[in-house]
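The values are calculated or read from the model by the stated rules, or taken from the named source; none is laboratory data. As the structure is a computational prediction, the values presented were derived from the model and not from experiment. Note that we place each Cβ from the backbone using ideal geometry, even for glycine, and neighbour counts take in every protein chain shown. The accessibility values were calculated without ligands, DNA or RNA, using every heavy atom of the protein model including side chains. Shrake-Rupley method; radii C 1.70, N 1.55, O 1.52, S 1.80 Å.
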Amino acid sequence: MSAAQAAAVSHAAREWRVRFVHPEKATELARLSVGESDVAPLVADALGIAVAELEAQRAEAREQVRASARLLLEDHEVRAACAHLPFRPGQTIVALGDSLTDDALSWAHQLNAVLEEVYPDDPPAVVNAGRSGDTTADVIDRLDLVLAQEPDWVIQLLGTNDVRHHGGRRVFSPGQTGTNFDTIQHILVTLGGTRLIRMTPPPVAAPAVEAATAAPGVRLRWQQEDLARVGRRLMRSDATVIDLHAPLLPHARALLDPDGLHPHIVGHRAILRVFLLSVAALPWSGADDVNELPTAVVGHHEGAAS
């Protein structure tokens, strides 16, 4: 590998880490109100770059998000759906999840950008409460931080890490994951009084994941059927559920980064497209309680976002 090629690989690796490295989201730091700017010198030093370069890369990611949102809104079906979203000006929406939400290019950031476009006056604000690596159990431990945001809505995308296999053993059984989902719903809806919209875990490209995590002793593995089973469990539950797995499955490899697990920016746009079309199709009118809403909704998008 030439010096130029090595430099390009190193830059790409840093860009990847910038997307997912957010130490300020660690539970104890978050409870101390440590912010992104507070830990920026530490992150920059760990990446071997200046703080100014870190901020430039973050700014570039934000611009990519805005550009992706504008592109999505060129879709006439999506633009029409945005006229029927249930969110109101000034409301707070918390996006709750793992790395699929934490990603600086994620569907959650793109949702915020879309809402800024379609609600020109006092748009709803999306708070990104994704944290890389989180399981449903990890999320339960930090729901106090979610409720501290006083959210009107919580949009949940969880379960991918629950079905992760380490060395041939699955992290949680289906029963454990189901119990955790019920606990999250109880705390947020029954105790917290917020509205909860849940999405099923999207598909992965299992062979690519295994190739990318082939380090000795690690043997990380995801099985498509495990993810689908989590989705079916959610769609039998009480909260409104949007199915990402079925509509995105035919296009999974094309929507994912080389690791086969994380969507790239187009993949996140595809997730958001399914979300917007599905949420807009729900009969929100007159439903003042989340329990009055339909128990499940399947994504309306059968193809990938452009």
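Table for the structure above
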{"quantity": "For segment 1-152, size of Cβ-based charge dipole, Lys and Arg +1, Asp and Glu -1, in debye", "calculated": "260"}
{"quantity": "Neighbourhood net charge (15 Å Cβ-Cβ; Lys/Arg +1, Asp/Glu -1) for Q176", "calculated": "-1"}
{"quantity": "Semi-axes of the equivalent ellipsoid for the chain, Cα gyration tensor, largest first, Å", "calculated": "29, 23, 21"}
{"quantity": "Full-stretch length increase - L71, T92 - with 0.36 nm per residue and alpha-carbon distance subtracted", "calculated": "5.1 nm"}
{"quantity": "Cα-based shape type of segment 139-261, given that a ≥ b ≥ c are square roots of the gyration tensor eigenvalues and the cut on a/c is 1.5", "calculated": "prolate"}
{"quantity": "Rounded, prolate or oblate (a/c below 1.5 giving rounded, otherwise prolate when a/b exceeds b/c) for segment 1-132 by Cα gyration tensor", "calculated": "oblate"}
{"quantity": "Sequence ranges 76-86, 263-273, ranked by mean other-Cβ count within 10 angstrom, highest first", "calculated": "263-273, 76-86"}
{"quantity": "Kyte-Doolittle mean at least 1.6 and Cα axial length at least 18 Å: DSSP H helices in the chain", "calculated": "265-281"}
{"quantity": "Contour excess over end-to-end distance, with Cα ends at R62 and V127 and 0.36 nm allotted per residue", "calculated": "22.0 nm"}
{"quantity": "Computed FRET value (nearest 0.05) for S37 with E116, which takes r as the C-beta separation and R₀ as 22 Å", "calculated": "0.55"}
{"quantity": "Amide proton proximity set for Q156, modelled H, under 5 Å, gap of 5+", "calculated": "L96, I197, R198, M199"}
{"quantity": "Antiparallel DSSP beta bridges within the chain, percent to nearest 5", "calculated": "20"}
{"quantity": "Heavy-atom accessible surface of the chain: percent carbon and sulfur, 1.4 Å", "calculated": "54"}
{"quantity": "Theoretical gain in end-to-end length, H165 to Q224 [0.36 nm per residue, Cα-Cα removed]", "calculated": "20.0 nm"}
{"quantity": "Ranked by how many other beta carbons lie within 10 Å on average, peptides 19-27, 131-139, 163-171, 32-40 from highest", "calculated": "131-139, 19-27, 163-171, 32-40"}
